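Comments concern the structure below.
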Amino acid sequence: MTEEKHKMRSKSLVWIAWLFMVLALGLYSVAQTTAHAPTATPRPMQQPTPSPSSMDMTMPPGPFFSDELAPLVRGIYAGEDVFFIHTEASDANVAGLLTDMMGPEVVVVPDLAKIPEALRGNVYVFTNGIAGGGPMGFQPDIFDSIPPDPDYTPLRTLNLVTWQAGVRPRQLDSVAEVEGAETAGEIVVEQPGIVINMPILTWPGGHR
């Protein structure tokens, strides 16, 4: 081996040794930094926000009509209390009377009067007699059906009940009592051809 080649080989070995030293120092520095770095506190797993379809939308039982939105009105069916609302009427005067009674507007829908009688129920409203919560200031309205009945419908033919002069009024609690009083000549029942939508929301043993 010539002297020139020997010098070149010596320089290469020195260069390689220097590279190894630099690499070793770099690895040492990284190791020291990692060893003294603060330990990161793991973040708690964030619970996903439930979508509307997965949320529990079950409502508690009971009527949900507030007094401001649609106050419930007391009526009578077969001697027991029912509670209902008025929503529409075929006659403007009756709609106005019920609106004044309830607060929310009762909408006038004249075509309700065109619905066949076979598809309607009956409601008995008193024009005189004992004082009470009826729309004319007398006893509560009487209904001939409630939701469990197969022939129940919220659409009602208005029957106006008037006590005859000289008869001492009393509270009637069923359609049978109305019919009995009419047969006895104590009251007069008239149908002015008006239909009212009166959904019953609470009845004996049930509610919406």
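The values are calculated or read from the model by the stated rules, or taken from the named source; none is laboratory data. What you see is a predicted model; the values in this text were computed from it and never measured. All Cβ positions, even for glycine, are placed from backbone atoms using ideal geometry, and neighbour counts span all protein chains on display. Keep in mind that these areas ignore ligands, DNA and RNA; they rest on the heavy atoms of the full protein, side chains included. Shrake-Rupley method; radii C 1.70, N 1.55, O 1.52, S 1.80 Å.
To the nearest 0.05, what FRET efficiency results for I115 and E80 with a Förster distance of 22 Å applied to their C-beta separation?
The formula returns an efficiency of 0.20 here.
Report the label-to-label distance for I130 and R168 in nanometres (one decimal), using points 7 Å from each Cα along the Cα→Cβ vector.
Output for this residue pair reads 1.2 nm.
Be a star and scan the range 110-149 for residues whose amide nitrogen sits under 16 Å from the point 7 Å along the Cα-to-Cβ vector of A176.
The answer is 143-146, whose backbone nitrogens lie closer than 16 Å to the label point.
Between T99 and Y152, with labels modelled 7 Å along Cα→Cβ, what's the label distance in nm to one decimal, could you check?
2.9 nm
If you rank D149, D141, D100, D111 by how much accessible surface each has, with a 1.4 Å probe, what is the order from largest down?
Output order, biggest surface exposure first: D100, D111, D149, D141.
Could you grab the relative contact order for the range 155-206? Cα pairs under 8 Å, six or more apart, rounded to a whole percent.
57 percent
Roll a 1.4 angstrom probe over the protein heavy atoms and tell me the percent of accessible area of the range 76-208 that is carbon or sulfur.
52 percent
Taking amide H atoms as placed 1.01 Å from N in the peptide plane, list the residues 5 or more away in sequence, or in a different chain, whose amide H sits under 5 Å from that of G75.
Here V82, F83, F84 satisfy the definition.
Would you pull out the residues with amide H under 5 Å of G134's amide H, same chain only if 5 or more places away, H placed 1.01 Å from N?
Q139
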